[in-house]
Protein chains: 2
Amino acid sequence: MKIGILGTGIVGRTLGDKLAGVGHEVRMGARQSGNETAAGWAAAAGDRASAGTFADAAAFGEVVFNCTKGEHALDALRQAGAQALAGKVLVDVTNPLDFSRGFPPSLSVCNTDSLGEQIQRAMPEARVVKALNTMWCGIMVDPRRLSGSHLAFLAGNDAAAKSTVAGLLGQFGWRPEEIVDLGDIGAARGTEMMLPIWLRLYGKRGDGVFNFAIAG
Amino acid sequence: MKIGILGTGIVGRTLGDKLAGVGHEVRMGARQSGNETAAGWAAAAGDRASAGTFADAAAFGEVVFNCTKGEHALDALRQAGAQALAGKVLVDVTNPLDFSRGFPPSLSVCNTDSLGEQIQRAMPEARVVKALNTMWCGIMVDPRRLSGSHLAFLAGNDAAAKSTVAGLLGQFGWRPEEIVDLGDIGAARGTEMMLPIWLRLYGKRGDGVFNFAIAG
C-alpha cells in the first residue's frame, strides 16, 4: 500500500520505518521540500521510502498518517490539501498538547471538542481515524514489547477506514482483541483526554514503555 | 475507625456498606436531617451504621468520603463545614460531570483545573485525596470481582492521608501494587479526564464491570 507520513519527528520516523519494514511504500512529507530530516530518513529507510512536502506525501498516500505536532496539525493538513486528502484514510496520531504554560502541558482543546474532530471538520472528505495517540511511539509499532494484553483505541466516522487502520495495526503486531473501536470521531475527546494521566504515569516511571489496558 | 459518608446515592451506599462490613463505624450524611434514604441505609447496614446531616457525618468521621454528585460537591462540603473537615482525610470520589447538554456528559471543569483541586482550595485544612473516581462503585469495593490486576489511582498533597486511604483500599481487597500514587492533587485532572473514555467504554459494553489497568 502507498502510505504518506506528515511530519518528520520521532513519531513519523518510527511509523515510517515500521510501515516500510512491513512492505509498504512510504513517503514522508515536511513543511518545505528538501527537508534534511525527511531526506535522511528516506535514505536510511531503503528503496520503499521517499521524501517530499506535506502535499507530496498526501498526494502519494492511499493512507496518510498525521504525525505533526498538535499545535501545527491543522496548518500542516491545509498545506497537504483537502483535495489531496479527499476520500483517503487519514490516521490522526496527534495530541493537542499546549506547552505554553510549561511542563506538564495542558490540552489546547478538550471536553466539548477534540483535535480529531477539528481535523475531520477541516477536511470533511477525508476519512479521519484517531488512533495510537495514547502511547509512546515505541509501543505503537511494537506492541509485543509489553507482556500481556493492552489496547489501541480507534475513533472515526467511517467503518471501512477503521478496518483499514486495524489491518495496518495487525501488521505491527497488534492482536485483533487489542484494537478497540470506540465509535465515531467524537471519541477522540476520550483518547486525547487520557494524555494528562499518561503524562503523570510517564513522570512517575521515567519512561514511556507502558500502555493502557482494561481488566474485565 | 469512624468514617463519614457525604451523599446518599449508590456510590455512598456501596462504600458505606463495605466500610461497615469490614468493621468501621459509618455515619452517612444527607443535605437535610431525616433523609429517608440515609435512614433506610443505616437501618439495613447494622449497628455500626448511622445517619445524619452532611455536618453530622463530617463531624463524626476521622476519614470522610465525598460521594455527592460533582455538581453539588462544593455546596455539600460547605454545609459539612470547613471547620469539621480541618485536619481530616477527605476522600473525594466525585467527578465533575455536566449533564446539561445531555448524554454523554461533558466535564464542568478540566484541563487546567479539577474538582479535586477546587475542593482542596475550598477546604484548605482538609487533607484531600482523590480516589476511586475512575471506576463503577461495584469495582471500588470488590476489586477481585475482575480477574487480573487493575488500578486505583490516588492524588493528594498529604502523604500520610494517601497512606490512610491505601489502607482502607487494602481492606476492600486492593493489592498494594494496584494502588498507584500519582502525586499531588493536581493529578486529579488526569483521573477526572478519564471519564470521557470510561463513558465510551461503558456505552460499548453496556456495563461498568471493568477497570483501567497498565501493561508494562
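The values are calculated or read from the model by the stated rules, or taken from the named source; none is laboratory data. None of the values given here were measured: they were computed from a predicted structure. In this analysis, Cβ positions are derived from the backbone assuming ideal geometry, glycine residues included, and neighbour counts consider all displayed protein chains.
Okay, here's what the table says:
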| read-out | value |
| --- | --- |
| First in segment B:60-82 and charged (D, E, K, R), second anywhere and not in a loop (DSSP other than H, G, I, E, B), Cβ under 8 Å, 6 or more apart | B:GLU62/B:LYS2; B:GLU62/B:ILE3; B:GLU62/B:VAL89; B:LYS69/B:LEU97; B:GLU71/B:LEU97; B:GLU71/B:ASP98; B:ARG78/B:ALA122 |
| Selection from segment A:125-139 of residues that are of a type outside the set (Lys, Arg), away from every other protein chain (no Cβ under 13 Å) and either over 26 Å from A:ASP207 (Cβ atoms) or not in a strand (DSSP E or B) (or both) | A:GLU125, A:ALA126, A:VAL128, A:VAL129, A:LEU132, A:CYS137 |
| So A:GLY183, is it of a type outside the set (A, V, I, L, M) and part of a loop (DSSP other than H, G, I, E, B) | yes |
| Members of segment A:85-114 found to be among the acidic types (Asp, Glu) and in contact with an Asp or Glu (Cβ under 8 Å, 6 or more places away or on another chain), listed by number | A:ASP98 |
| Filter result for A:GLU177 (more than 16 Å from the chain's Cα centre (by Cα), part of a helix (DSSP H, G or I) and either acidic (Asp, Glu) or farther than 29 Å from B:GLY206 by Cα (or both)) | yes |
| Qualifying positions in segment A:1-34 - surrounded by fewer than 19 Cβ atoms within 10 Å (Cβ to Cβ), among the polar types (S, T, N, Q) and touching a strand residue (DSSP E or B) at 6+ places or on another chain (Cβ under 6 Å) | A:SER33 |
| Contacts under 6 angstrom Cβ, first residue in segment B:25-45 being more than 10 Å from B:GLY7 (Cβ to Cβ), partner of a type in the set (Lys, Arg) and in a strand (DSSP E or B), 6 or more apart | B:GLU25/B:LYS2 |
| Residue among A:ALA43, A:ALA57 that alone is surrounded by fewer than 19 Cβ atoms within 10 Å (Cβ to Cβ), at pLDDT 95 or above and hydrophobic (A, V, I, L, M, F, W, C) | A:ALA43 |
| Where B:PHE65 falls short, out of the listed (1) under 14 Å from B:LEU6 (Cα atoms); (2) among the aromatic types (Phe, Trp, Tyr); (3) in a loop (DSSP other than H, G, I, E, B) | (3) |
| Of residues in segment B:201-216 being in a loop (DSSP other than H, G, I, E, B) and more than 8 Å from chain A (Cβ to nearest Cβ), the one nearest to A:PHE103 (Cα to Cα) | B:GLY208 |
| Residues (facing chain B (nearest Cβ under 7 Å) and among the aliphatic types (A, V, I, L, M)) located in segment A:160-200 | A:LEU182, A:ALA187, A:MET193, A:MET194, A:ILE197 |
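So that you can scan it fast, the table gives a plain yes or no per residue for (1) surrounded by fewer than 18 Cβ atoms within 10 Å (Cβ to Cβ); (2) more than 24 Å from A:ALA152 (Cβ to Cβ); (3) without any contact (Cβ under 8 Å) to a residue 12 or more places away in the chain:
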position	(1), (2), (3)
A:LYS88	no, no, no
A:VAL93	no, no, no
A:ASP98	yes, yes, no
A:ARG101	yes, yes, yes
A:SER108	yes, no, no
A:ASN111	no, no, no
A:SER114	no, no, no
A:GLN118	no, no, no
A:LYS130	no, no, no
